[in-house]
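The values are calculated or read from the model by the stated rules, or taken from the named source; none is laboratory data. What you are looking at is a predicted structure, and each value in this text was computed from that prediction instead of being measured. Because the Cβ atoms are built from the backbone with ideal geometry, glycine has one as well, and the counts that use them run over all protein chains shown.
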Amino acid sequence: MIDSPFSGNIVIKDSHNDMALELVISDLDGTILETEDYHRRAYNVLFEELGLTRRWSREDYSARLATMGGGKFREIISWLDQSEEEQEEVSRKLYARKTDLYVDLIVKDLRSGDLSPRPGVERLFEEILESETLLAVGSACVKWAAEKVLEASLGTTLVESLATVCAGDDVAAKKPDPAIYLLVAERCGVKPADCLVVEDTGHGMQAALGAGMKCIVTPSELARNDSFAGAMMRFENLEGVGLTRLRKMWMGEQGRVPRDGCL
C-alpha cells in the first residue's frame, strides 16, 4: 500500500533484502522538466511589476542558483526601501507572487506544447510504477506549486500513483541540506540506504548523498558545470535508462562512470 501524494500518511514497507532498490526519488525542477530558467523568467516579471530596472540573465541566475540557495529574496529585499519590521512580510508576499508567476509560465507552455518532460522521464516513471519499487518526488517548490506542475506535466493518474510528494514547505532547511530526502524516505517507510535519487544539480546531489542515498544525475541547462563527484552515474538525459539498468548499477554490475563521463 502507498499513500496519496497529498495525504502525508506514513507507510511502513518491509525490507527483506538489504541490497534492494526500494524507492526512487526524483527532484522536480530541472529533473522532470527543464524548468530552472522559468524561475529566472518569473523573477524578471516580478522585478518589472515592482518597477525595478534589474533583470537577471542566465549567467546571473546560474550564479545565484549555485551559491545562494534560498537567499535570493534577501538580495531582492536589499534593493527595496523596507524597514526591518516589514522585511519578513514583504519577503513572504514576494515569494508567493513569484511562485504564482513561475507556475503560470510553466502551465501555459505545457498546454501549448512549448514545454514537455525531459526525454525518458515518463517512460522510466511508468516502468517504476509497474514494478515493486516505489516512486516519489522531493522538490524545493512549495507543495501546491509542485503538485500543480506535476499534474500538468505528468497527468493526474501518474501523480496519484506516487508514494508521496514532499515539498519545500514540508521541511525547514533547503537543499543541499538532506532534510527533504530524509522526509520522503520516512513517509515511505524505506531506509535511506535503499533509496536512489534522480537529480539535476550539484547541490541537489549533495542533499541526496547527505541523506545516505545513492544518486544519479541528469544535469539541467543551468547546472552543466556543477561538480557531480560522488554520483553513481551521470546521464545526458533519461532516454534509454530503464529500471533494469538502474538495478544493475545499484548492485554493482556496471562500473562507475569516469568523473567527467556522460552516457
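Within the group GLY189, GLY252, GLY242, which residue is at pLDDT below 95, over 20 Å from VAL149 (Cα atoms) and over 17 Å from the mean Cα position of the chain (by Cα)? Before the answer, list the steps.
Values: GLY189 fails: at pLDDT below 95; GLY242 fails: at pLDDT below 95.
Just one listed residue meets the conditions, GLY252.
Here are some conditions: (1) within 20 Å of PHE73 (Cβ to Cβ); (2) hydrophobic (A, V, I, L, M, F, W, C); (3) in the same structural domain as ARG245 (by TED's automatic domain parsing). VAL103 meets all but one. Which one does it not meet?
(3)
If a residue has to be part of a helix (DSSP H, G or I) and out of contact with any strand residue (DSSP E or B) (no Cβ under 7 Å at 6 or more places or on another chain) to count, how many in the stretch 122-141 make the cut? Full working, then the answer.
Of the residues in the stretch 122-141, the ones part of a helix (DSSP H, G or I) are 122-129.
Cutting the leftovers down to out of contact with any strand residue (DSSP E or B) (no Cβ under 7 Å at 6 or more places or on another chain) gives us 122-124, 126-127.
Of the residues in the stretch 122-141, 5 are part of a helix (DSSP H, G or I) and out of contact with any strand residue (DSSP E or B) (no Cβ under 7 Å at 6 or more places or on another chain).
Where residues in the stretch 12-49 are in a strand (DSSP E or B) and at pLDDT 95 or above, which of them is surrounded by the most Cβ atoms within 10 Å (Cβ to Cβ)? Lay out the reasoning, then the answer.
Step one: filter the stretch 12-49 for residues in a strand (DSSP E or B), giving 23-26, 29, 33.
Imposing the further condition that a residue be at pLDDT 95 or above reduces the set to 23-26, 33.
Values: LEU23: 25, VAL24: 23, ILE25: 29, SER26: 25, LEU33: 24.
By that ranking, first place goes to ILE25.
In the stretch 187-224, how many residues are more than 20 Å from LYS174 (Cβ to Cβ) and either out of contact with any Ser or Thr (no Cβ under 8 Å at 6 or more places or on another chain) or acidic (Asp, Glu) (or both)?
Keep residues of the stretch 187-224 that are more than 20 Å from LYS174 (Cβ to Cβ), which gives 188-191, 193-194, 196, 214, 216, 218, 221, 224.
Now restrict to residues that are either out of contact with any Ser or Thr (no Cβ under 8 Å at 6 or more places or on another chain) or acidic (Asp, Glu) (or both): 189, 193-194, 196, 214, 216, 221, 224.
Result for the stretch 187-224: 8.
Out of LEU182, LEU196, which single residue is surrounded by fewer than 23 Cβ atoms within 10 Å (Cβ to Cβ), outside any loop (DSSP other than H, G, I, E, B) and either touching a strand residue (DSSP E or B) at 6+ places or on another chain (Cβ under 6 Å) or of a type in the set (Phe, Trp, Tyr) (or both)?
On the way: LEU182 fails: either touching a strand residue (DSSP E or B) at 6+ places or on another chain (Cβ under 6 Å) or of a type in the set (Phe, Trp, Tyr) (or both).
LEU196 is the lone residue from the list that is surrounded by fewer than 23 Cβ atoms within 10 Å (Cβ to Cβ), outside any loop (DSSP other than H, G, I, E, B) and either touching a strand residue (DSSP E or B) at 6+ places or on another chain (Cβ under 6 Å) or of a type in the set (Phe, Trp, Tyr) (or both).
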